[in-house]
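The values are calculated or read from the model by the stated rules, or taken from the named source; none is laboratory data. This structure is a prediction, so every number in the text was calculated from the model and none was measured. Don't worry about glycine lacking a Cβ; one is built from the backbone with ideal geometry, like all the others, and counts go over all protein chains shown.
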Amino acid sequence: MRDSLIKYLAGHEKDELALLQKLVLQQSSSFFKEGVDAVGEIITASLSGCKMQREVVVEQELGNHLLFRSPAYRSDQPSLLLIGHMDTVFPADTPFNWYKEESDKVFGPGVIDMKGGLVTAIFAIKALESCGLLEKIPLTLLCNADEEIGSPASSELIRLEAKKSAFALGFECGGLHGEVVTGRKGKAGYILEVSGKAGHAAFAGSDKASAILELAGKVIALEQLNDPIKKIVVNVGLIKGGIGPNTVADFATAEIDTRYLQLEDARSTDERIALIASQCSVPGTHTKLRREGARLPMEQTQRNKELFQVINQEAEKLEIPCVEELRGGVSDANTISEVAVPVVDGMGPIGDCDHSDREYMIKESLLARTTLAACTLVSGWDHFSG
């Protein structure tokens with residue numbers, strides 16, 4: 001069966017690149033609903049010959065989310081979950097709106113984040129269909145429209161699908177050395193607002209209720225929460241306040257990003273930030289803390305590592321690099337991990353410089369990673385459905 005999958009995909013490498021070009025040239029910023037929905041139609045057309053049943057989850061402001069289910073899928077039985085997002089970080093009017101192939105690289109907006117991953121998942125499914133395996137292996141491909149903005153509309157859908165799954169594969173890009181992601185840090189964002197009392201700087205005494213002065217002390221306290229040993233990261237990345245140098249600021253804000261590996265660290269960091277926010281040292285100042293954009297860590301569980309071993313065994317047979325990775329950034333795999341389902345991410349093609357106009361994919365990795373994904377779906381189903 002493996003040889004049949006390999007042969008099918010080797011004969012369709014040009015088709016993979018052609019689909020990648022179509023997807024990349026269709027701009028699909030998270031807030032560009034028309035563009036994201038157009039990507040969904042391209043995906044639908046590419047799977048039209050695979051007997052995959054499509055379900056559309058309609059959104060009014062963001063793009064629609066799509067579910068494609070194989071003929072073997074049954075709602076009351078475990079299946080396999082493949083996930084990839086259709087949106088990119090690039091606005092609809094970006095000048096980075098081109099696609100270019102070189103001998104060893106492919107360039108374009110979203111080429112690895114993550115339209116290359118979508119192509120990988122699609123052609124892995126097409127390879128299974130060519131061997132008659134979609135009638136035997138129940139799987140769902142979930143294409144969501146809002147990952148780059150934290151998946152506000154699709155997170156609950158992801159959890160629901162994950163609960164029905166034997167395991168899940170995420171198709172974010174692979175690492176430059178063949179890394180596959182078995183764990184990710186969690187994150188949470190905070191907005192800290194400090195209010196004080198406005199006044200003229202010429203008449204301000206040492207007891208001035210300056211919101212900036214209070215915020216300055218809090219910034220130092222927040223940055224002291226960084227813990228290199230536990231790999232806890234706290235970063236105050238944006239501050240605003242005041243209206244001019246000759247005034248006492250009555251308002252100041254700070255935007256904070258936090259990252260952590262363990263659920264315990266997520267809770268303790270949240271508690272410590274809340275404590276810092278609640279205690280004011282400058283008389284006459286007050287604070288308000290708002291938490292947003294939180295994702296729990298995807299811990300490197302034994303079940304994730306078990307799934308990685310299945311993938312690694314297939315990679316060894318295919319003679320392609322495969323390395324386990326703990327990645328700092330978050331993805332929808334973090335959400336899947338909340339329901340204790342084995343999940344591995346980074347199954348997409350290899351590249352670098354995503355979220356920039358230098359984004360590129362290593363050309364040969366598209367076929368290699370698609371073959372790895374197809375073989376993993378077969379062996380993984382055998383392993384986890386028994």
Look at the range 264-273 and say how many of its residues are surrounded by 13 or more Cβ atoms within 10 Å (Cβ to Cβ) and either out of contact with any Ser or Thr (no Cβ under 9 Å at 6 or more places or on another chain) or in a strand (DSSP E or B) (or both). 3
Filter the range 8-62 for residues that are of a type in the set (K, R) and touching a helix residue (DSSP H, G or I) at 6+ places or on another chain (Cβ under 9 Å); the one that is surrounded by the most Cβ atoms within 10 Å (Cβ to Cβ) is K22
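Yes/no per residue for (1) in the same structural domain as K218 (by TED's automatic domain parsing); (2) part of a helix (DSSP H, G or I); (3) under 30 Å from W98 (Cβ atoms):
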position: K288; (1), (2), (3): yes, no, no
position: R291; (1), (2), (3): yes, no, no
position: V310; (1), (2), (3): no, yes, no
position: E314; (1), (2), (3): no, yes, no
position: P321; (1), (2), (3): no, no, yes
position: L372; (1), (2), (3): no, yes, yes
Within the set of pairs 6 or more residues apart or between chains, which connect a residue that is under 17 Å from P152 (Cα atoms) inside the range 328-355 to a residue that is in a loop (DSSP other than H, G, I, E, B) and small (G, A, S) with Cβ atoms less than 6 Å apart? D332/S151
Can you tell me which residue in the range 207-238 is farthest from P297 (Cα to Cα), limited to those that are of a type in the set (V, I, T) and touching a helix residue (DSSP H, G or I) at 6+ places or on another chain (Cβ under 8 Å)? V236
Can you name the strands (runs of 3 or more DSSP E) wholly within the range 23-109 that have at least 3 residues being within 21 Å of P349 (Cβ to Cβ)? 79-85, 105-107
Can you name the residue in the range 45-83 that is in contact (Cβ under 8 Å) with a residue 24 or more places away in the chain and hydroxyl-bearing (S, T, Y) and, of all such residues, is nearest to F167 (Cα to Cα)? S79
Taking the range 205-235, which residues are of a type in the set (A, V, I, L, M) and either exposed (fewer than 15 other Cβ atoms within 10 Å of the Cβ) or assigned by TED's automatic domain parsing to the domain that holds G328 (or both)? I220, I229
Test result for T182, crowded, with 21+ Cβ neighbours inside 10 Å, more than 30 Å from A315 (Cβ to Cβ), modelled with pLDDT of 95 or more and within 29 Å of the chain's Cα centre (by Cα): no
Could you list, in sequence order, the residues of the range 185-213 that are within 22 Å of the chain's Cα centre (by Cα), farther than 17 Å from L289 by Cβ and of a type in the set (G, A, S)? G186
Count, please, the residues in the range 277-304 that happen to be crowded, with 16+ Cβ neighbours inside 10 Å, closer than 30 Å to E338 by Cα and more than 26 Å from the chain's Cα centre (by Cα). 1
Among the residues of the range 314-326, are any in contact with a Ser or Thr (Cβ under 7 Å, 6 or more places away or on another chain), β-branched (V, I, T) and at pLDDT 95 or above? no
